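The values are calculated or read from the model by the stated rules, or taken from the named source; none is laboratory data. Nothing here was measured: the structure is a model prediction, and the numbers come from that model. Reconstructed Cβ throughout: ideal geometry from the backbone, glycine too, with neighbour counts over all protein chains shown. Calculation scope for accessible area: heavy atoms of the full protein, side chains included, ligands and nucleic acids excluded. Shrake-Rupley method; radii C 1.70, N 1.55, O 1.52, S 1.80 Å.
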Amino acid sequence: MKKPIRWGIIGCGDVTEVKSGPPYQYTPDFELSAVMRRNHEKALDYAKRHGVQKVYSTAEELIADESIDAVYIATPPDTHKLYGLKVAEAGKPCCIEKPMSPSYADSLEIYNAFKDKNVPLFIAYYRRSLPRFLKVKEWLDTNKIGQIRHVRWHLSKPASDFDKSGEYNWRTDFEVAPGGYFDDVGSHGLDLFAYLFGDYKSVHGIAKNQQGLYTSMDAITGCWEHESGVTGEGSWIFGGFQREDKVEIIGSLGKIVFSVFEEVNLELHTNEGVESLFIENPKNVQKYHVANIKKHLLEEGKHPSLGSSGLHTSWAMDKILGSI
């Protein structure tokens with residue numbers, strides 16, 4: 001692709017303020033040239049604060065703009081398919097926020113649309129590019145804990161006052177996110193495990209709505225096997241009494257302990273003792289993810305989070321939720 005690669009963002013909401021939007025501006029050979037939001041006043045405000053030249057109130061106008069080379073879709077999951085298919089039809093590279101869509105079926109349709117056009121598709125599972133998780137992968141690849149046997153992850157948090165209020169939240173609307181917060185946060189860990197241990201071979205789960213505070217699921221458990229033979233288990237409880245986020249990777253010679261979301265030390269446990277290492281995330285947490293998009297588009301490397309891997313994560317999530 002010619003340089004600079006000019007990006008447009010569909011859905012310039014909270015996630016784009018610090019986490020993801022700025023890297024599309026400061027990554028060399030990238031420009032953030034246009035933004036779109038259904039609330040035009042908010043889109044204008046975003047553009048003014050971030051120095052973006054063009055503002056649109058419809059996605060179709062942004063996608064059709066011939067000066068826009070690539071599109072980042074940062075809307076809630078229920079519109080990923082709608083906008084993704086339009087970007088694919090326009091033949092423009094695209095990054096879609098995670099999860100890829102609310103269902104494996106919709107994710108497959110998105111994937112096939114970009115595959116048929118032979119256009120790059122990226123999914124914003126940025127943990128595959130973060131240094132702290134690359135360190136975990138390095139420990140695994142260099143056999144620090146021997147043969148990998150099992151991974152387990154428990155994520156729990158109390159229901160928030162907002163959850164209890166009954167006010168609308170798209171993250172807990174079954175039509176937008178059937179798994180509720182599991183769709184939003186559980187997807188990150190499941191995708192990371194596929195990156196660390198290889199594709200899932202078989203996946204099973206139970207999903208319940210125990211509290212009745214909203215329409216999505218709020219208590220999910222899962223177990224699985226990777227093609228590599230590594231087994232796994234997970235539990236995601238969104239009505240527990242305290243917040244907890246702990247992953248343990250158990251090997252024949254030790255284990256690795258870390259958090260998917262909390263910035264706490266990585267721990268390497270072996271017979272020689274415990275090695276504790278802190279690796280800070282960047283302020284703009286999608287910094288390395290976006291940098292890897294640039295390398296991929298300029299044929300300087302392959303991105304670790306493509307449409308194919310995002311599709312596989314959607315499949316694993318639907319298996320746990322019992323949707324397929």
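Assorted remarks:
- Qualifying strands (runs of 3 or more DSSP E) (wholly inside region 17-104; at least 3 residues being over 23 Å from the mean Cα position of the chain (by Cα) and over 24 Å from residue 118 (Cα atoms)): 54-56
- No other residue among 285, 257, 290, 247 is in a helix (DSSP H, G or I) and open to solvent by less than 30 Å² (accessible area, probe 1.4 Å) apart from 290.
- Those residues of region 162-201 which are polar (S, T, N, Q) and touching a residue at least 24 places away in the same chain (Cβ under 8 Å), in sequence order: 169, 172, 187
- Subset of region 182-201 that is aromatic (Phe, Trp, Tyr) and touching a helix residue (DSSP H, G or I) at 6+ places or on another chain (Cβ under 6 Å) - its residue that is farthest from residue 221 (Cα to Cα): 195
- Summed over region 222-242, residues that are open to solvent by less than 60 Å² (accessible area, probe 1.4 Å), within 20 Å of the chain's Cα centre (by Cα) and in contact (Cβ under 8 Å) with a residue 40 or more places away in the chain total 8.
- Scanning region 101-122 for any residue that is among the acidic types (Asp, Glu) and either under 30 Å from residue 263 (Cβ atoms) or surrounded by 19 or more Cβ atoms within 10 Å (Cβ to Cβ) (or both) turns up at least one such residue.
- Residue match in region 75-98 (condition: open to solvent by less than 50 Å² (accessible area, probe 1.4 Å) and of a type in the set (Asp, Glu)): yes
- Taken as a whole, the condition of being assigned to a helix (DSSP H, G or I) and either in contact (Cβ under 8 Å) with a residue 12 or more places away in the chain or over 26 Å from residue 100 (Cβ atoms) (or both) applies to residue 310.
- In region 1-17, the residues that are open to solvent by 10 Å² or more (accessible area, probe 1.4 Å) reach residues that are in a strand (DSSP E or B) with C-beta atoms within less than 6 angstrom, at least six apart or across chains, in these pairs: 4/31; 6/31; 6/33.
- Among the candidates 168, 195, 181, the residue that is among the aromatic types (Phe, Trp, Tyr), touching a Pro at 6+ places or on another chain (Cβ under 7 Å), more than 18 Å from residue 106 (Cα to Cα) and open to solvent by 10 Å² or more (accessible area, probe 1.4 Å) is uniquely 195.
- Pair list, Cβ < 7 Å and 6+ apart or interchain, from region 243-256 residues that are farther than 13 Å from residue 269 by Cβ and in contact (Cβ under 8 Å) with a residue 60 or more places away in the chain to residues that are of a type in the set (Asp, Glu) and open to solvent by 20 Å² or more (accessible area, probe 1.4 Å): 245/262
- Residue count for region 293-324, restricted to those that are within 18 Å of residue 115 (Cβ to Cβ), basic (Lys, Arg) and buried (at least 17 other Cβ atoms within 10 Å of the Cβ): 0
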